[in-house]
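The values are calculated or read from the model by the stated rules, or taken from the named source; none is laboratory data. Model, not experiment: these values are computed from the prediction. A quick note on method: Cβ atoms are made from the backbone with ideal geometry, for glycine too, and the neighbour counts reach across all protein chains shown.
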Amino acid sequence: MALKKTHPSALKENDGIEQPDSISASSVEHIQQFRRKQPSADELIANILKGDKVALSRAITLVESTSASHLEKANEVIKGCLPHANNSLRVGITGVPGVGKSTFIEAFGKYLTSIGKKVAVLAVDPSSSISHGSILGDKTRMEELVRDENAYIRPSASGESLGGVARKTREAIILCEACGFDTILIETVGVGQSETAVHSMVDFFLLLNLAGAGDELQGIKRGIMEMADAIVINKADGDNIKRARLAKVDFNRALHLFPLKSSGWSPKANTCSALTNEGISDVWDTIIEYFTLTKENGFFDKKRKEQSQYWMLETINEQLKLNFYNHPEIQKLLEENKKAVQNNEISPFAAAQVLLEKYFSNH
């Protein structure tokens with residue numbers, strides 16, 4: 001006769017406390033209402049012109065969108081803001097790795113807002129094609145500037161070609177200017193092609209450098225120095241002051257070896273400390289000196305017109321490239337030709353010609 005069990009098995013699972021739903025129904029309703037109430041292009045334009053940063057962020061997000069349905073609305077917003085743009089001073093800021101760009105931009109931005117300027121900080125970053133990493137960390141590192149009512153910080157879109165990101169930054173400049181920002185700081189991330197893109201959309205190009213950075217960076221410096229309108233040796237504080245002053249002398253000598261710029265401006269080197277704010281006001285004085293000179297000799301307006309023309313052509317190139325690679329027949333043919341090229345069945349140039357002929361035959 002089997003014995004009757006008086007105790008439940010140790011493996012028995014007792015009823016626990018029922019967990020609440022992980023999604024709040026009220027939050028879902030709020031989000032759905034928000035999405036239904038997306039402002040029209042006219043509403044965005046009107047609010048941007050009133051200085052509304054929320055509307056500005058929404059408009060930039062619209063511009064950054066890769067959705068074809070957003071393109072028409074984005075273009076409408078840009079068109080409405082364009083008559084109110086082109087009234088700022090655009091400054092490009094780049095520097096060797098570890099130079100302290102974020103610290104400098106925060107100190108410089110805080111100085112500008114203290115003298116009554118409205119500052120927008122944008123970034124051009126093609127980002128990593130592997131990790132799709134972007135510069136979102138900059139916004140958290142500029143803790144004080146991001147809280148400033150007269151400042152606006154916007155990281156660039158990531159994971160795209162440099163041309164696409166730069167074009168969207170160019171349009172973001174127009175939106176920021178229409179929103180009332182009179183000083184636009186455009187930061188480049190890393191050292192490379194992004195400098196060329198930024199140089200083609202700013203009035204003044206500033207290179208941040210370090211004292212005793214080492215010979216391994218000379219190649220980087222050379223190319224960017226040719227574009228720079230001023231060089232600022234950062235971290236000129238503590239034990240580094242003497243080295244920074246010597247570096248300033250060396251850079252000023254080097255700058256005199258470059259041909260005279262078509263702007264009539266002679267680039268100069270100076271020192272500063274973003275940590276102690278020493279020399280920060282001098283950087284702005286240099287920019288104003290450049291601005292005054294180039295406004296008087298007509299170079300400033302001439303350069304702006306050339307830049308607008310350049311970006312029109314760049315936008316055409318970018319759009320043609322997107323249309324080409326998104327064409328269904330080209331996508332299929334591209335894969336076939338890639339394999340043929342890898343197997344040495346056709347030369348890369350002949351394969352490219354086949355693809356282009358196919359593309360143009362459909363247009």
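Taken over segment 88-103, the criterion of being more than 21 Å from Ala166 (Cβ to Cβ) and at pLDDT below 90 is satisfied by Gly98, Val99, Gly100. Reported count of residues in segment 65-117, each being in contact with a strand residue (DSSP E or B) (Cβ under 7 Å, 6 or more places away or on another chain), in a loop (DSSP other than H, G, I, E, B) and closer than 16 Å to Phe181 by Cα, is 2. From the list Val283, Val341, which residue is aliphatic (A, V, I, L, M), modelled with pLDDT of 90 or more and assigned by TED's automatic domain parsing to the domain that holds Leu210? Residue meeting the stated conditions: Val283. Of all residues in segment 226-241, those satisfying the criterion of being under 11 Å from Thr271 (Cα atoms) and in a loop (DSSP other than H, G, I, E, B) are Asn234, Lys235, Ala236, Asp237. Only a single criterion out of (1) modelled with pLDDT of 90 or more; (2) out of contact with any helix residue (DSSP H, G or I) (no Cβ under 6 Å at 6 or more places or on another chain); (3) assigned to a helix (DSSP H, G or I) is not satisfied by Ala55, namely (2). Across segment 285-296, a minimum of one residue is classified as free of Cβ contacts under 8 Å to residues at least 60 places away in the same chain and surrounded by 15 or more Cβ atoms within 10 Å (Cβ to Cβ). Taking the stated definitions as given, is Ile220 in a strand (DSSP E or B) and either modelled with pLDDT under 90 or crowded, with 18+ Cβ neighbours inside 10 Å (or both)? It is false that Ile220 is in a strand (DSSP E or B) and either modelled with pLDDT under 90 or crowded, with 18+ Cβ neighbours inside 10 Å (or both). Contact map, segment 63-90: first residue over 19 Å from Asn47 (Cα atoms), second residue surrounded by fewer than 14 Cβ atoms within 10 Å (Cβ to Cβ), Cβ cut-off under 7 Å, separation 6 or more or different chains; the map is empty.
Of everything in segment 62-82 that's among the aliphatic types (A, V, I, L, M) and within 14 Å of Lys168 (Cα to Cα), which residue is surrounded by the fewest Cβ atoms within 10 Å (Cβ to Cβ)? Checked segment 62-82; the qualifying residue surrounded by the fewest Cβ atoms within 10 Å (Cβ to Cβ) is Leu71.
Looking at segment 316-339 only, could you name the residues that are farther than 14 Å from Leu356 by Cα and surrounded by 15 or more Cβ atoms within 10 Å (Cβ to Cβ)? Once the filter is applied, which keeps residues that are farther than 14 Å from Leu356 by Cα and surrounded by 15 or more Cβ atoms within 10 Å (Cβ to Cβ), segment 316-339 yields only Glu318. In segment 310-325, the condition of being of a type outside the set (Phe, Trp, Tyr) and not in a helix (DSSP H, G or I) is met by no residue. When each of Ser57, Ser102 is tested for being surrounded by 19 or more Cβ atoms within 10 Å (Cβ to Cβ), in contact (Cβ under 8 Å) with a residue 24 or more places away in the chain and not charged (D, E, K, R), the lone residue that passes is Ser102. For segment 105-128, name all the residues that are small (Gly, Ala, Ser) and either touching a Gly at 6+ places or on another chain (Cβ under 7 Å) or surrounded by fewer than 19 Cβ atoms within 10 Å (Cβ to Cβ) (or both). Scanning segment 105-128 gives Ser114, Gly116, Ser127, Ser128.
For (1) over 19 Å from Val202 (Cβ atoms); (2) outside any helix (DSSP H, G or I); (3) in contact with a Ser or Thr (Cβ under 9 Å, 6 or more places away or on another chain), each residue gets a yes or a no:
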| residue | (1), (2), (3) |
| --- | --- |
| Ala254 | yes, no, no |
| Leu260 | yes, yes, yes |
| Thr276 | yes, yes, no |
| Ser308 | no, no, no |
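Residues in segment 338-352 that are part of a helix (DSSP H, G or I) and over 28 Å from Arg167 (Cβ atoms): Lys339, Ala340, Val341, Gln342, Phe349, Ala350, Ala351.
Count of segment 246-275 residues, restricted to those that are of a type outside the set (Asp, Glu) and more than 27 Å from the chain's Cα centre (by Cα), is 16.
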